[in-house]
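Read the figures in this text as sums done on the coordinates, not as results from a lab. Treat the numbers as computed from the prediction; the structure is a model and nothing was measured. Quick reminder, even Gly has a Cβ in these numbers, built from the backbone with ideal geometry, and neighbours come from all protein chains shown.
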Amino acid sequence: MLGRTSVREFAENRKAFGRRRQCGAPRRTGTIFASDSATIYMKGSSIMVLMSIPKFERLFREAASLDVDKEDLRRYVEFIAHKTHDLLLLGQAHAKANGRDVIEPFDLPVTKGLQENIHAFRGINEDIDLEGILDQMTPLPPLDLEYSDDTRAKLPEVAGGLGVALAHSLKIIEPTMKNPLPEHWDRAFRLFDELM
């Protein structure tokens, strides 16, 4: 567990940690730091300590028999930020094309495969309860249109479905893999960039 000193150190040194953009992800609204059992999510001046690493490890273990670590969690958070931003941009385009000034859940381009992974996430989530953590970690980038309450409520499940799809993709890239390496993550990110 992180003590107050560690949290204070993160707050004081946050510019020195993790401010770089990876995999072409859009600018985040928060910064992630991780210890052995907790994740620090910094959004502006507020700091949230989330006891989440074991839950994320379990998500990847149950979805695709993968063992992930703290660095993989950082990659996952970057991936979620990037892909939810892409989905929301397309959702905004759909809403504008239909003459609405609010992005609704049906505006998001959720494919059949992503929908199936969202359903798989719901089953996994019943045991590990990640949705609340994903709700806090899923960014809502400022766009031209507002988000409906239903869209805001759906995003954690979409992020969970993206996580399950990512885990499956890592296994497809290297079927015998147990611990994904950075190059496996990069290949999976490139694959998703081509498809979404």
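Quick notes on this structure:
- Matching residues, region 140-155, being closer than 14 Å to ILE80 by Cα and surrounded by 21 or more Cβ atoms within 10 Å (Cβ to Cβ): LEU155
- Scan of region 111-145 for residues that are touching a residue at least 60 places away in the same chain (Cβ under 8 Å) and touching a His at 6+ places or on another chain (Cβ under 9 Å), ordered by number: PRO139, PRO141
- Scoring HIS119 on the criteria (1) closer than 21 Å to SER65 by Cβ; (2) surrounded by fewer than 21 Cβ atoms within 10 Å (Cβ to Cβ); (3) within 16 Å of the chain's Cα centre (by Cα) leaves a single failure, condition (3).
- Search result, residues across region 110-129 that are touching a Gly at 6+ places or on another chain (Cβ under 7 Å) and under 18 Å from LYS83 (Cα atoms): LEU114, ASN117, ILE118, PHE121
- Any hit, region 122-143, residues being under 16 Å from the mean Cα position of the chain (by Cα) and farther than 30 Å from ASN179 by Cβ: yes
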